[in-house]
Amino acid sequence: DKLDRYAVPTHFVTLDFDSREVRSKRDLPAPQPSDALAAILRGPIDKLAPPVDPLTEQLQGLWSDLLDLDCAPHPSTNFFNLGGSSMLASQLAVKIRKKYRIPLSGAEIFHHSTCEQLAKLIKERKEELSGSGAGGGGGNGNG
């Protein structure tokens, strides 16, 4: 029934009006998108969105769908800065495994967390699989 000492107010402030009587809102300017969010969506200012290859563009589409984005993310934007989580990284890995038929774990999304990095990894994996599948027939990641 007693408050700890740290929870007892040390100062009281009196107001010149009763806040329950104030009903109107002030005319405030419309909120602008935060500079931080705008920077995340468009990527670094000094590195405007370069032309992207079809694979990177496909990955941007996957990210937009998975993260419910209104626009394609910048190729060098980090998945986790856009709201990605470990659960979403696992879902992304499953989608990539099915679409490109390569081995990929959700944990690898943490190490390749941009569309550019993932596109490079996918290309490397596909080359590895085509190199190993050429001599022995069939691929390791197709089943």
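Tell me the per residue accessible area of region 52-130 using a 1.4 Å probe; a whole number in Å² is fine. Could the numbers behind the result be given before it?
Values: 4100 Å² over 79 residues.
Here the per-residue accessible area is 52 Å².
Can you pull the one-decimal nm distance between simple spin-label points at MET87 and LEU69, each 7 Å off the Cα toward Cβ?
For MET87 paired with LEU69, the spin-label model returns 2.1 nm.
The values are calculated or read from the model by the stated rules, or taken from the named source; none is laboratory data. Note that the structure is predicted; figures quoted are calculated from it, not measured. When we count neighbours, we look across all protein chains shown, and the Cβ atoms used for this are built from the backbone with ideal geometry, even at glycine. What goes into the accessible areas is simple: the full protein's heavy atoms, side chains included, and nothing from ligands, DNA or RNA. Shrake-Rupley method; radii C 1.70, N 1.55, O 1.52, S 1.80 Å.
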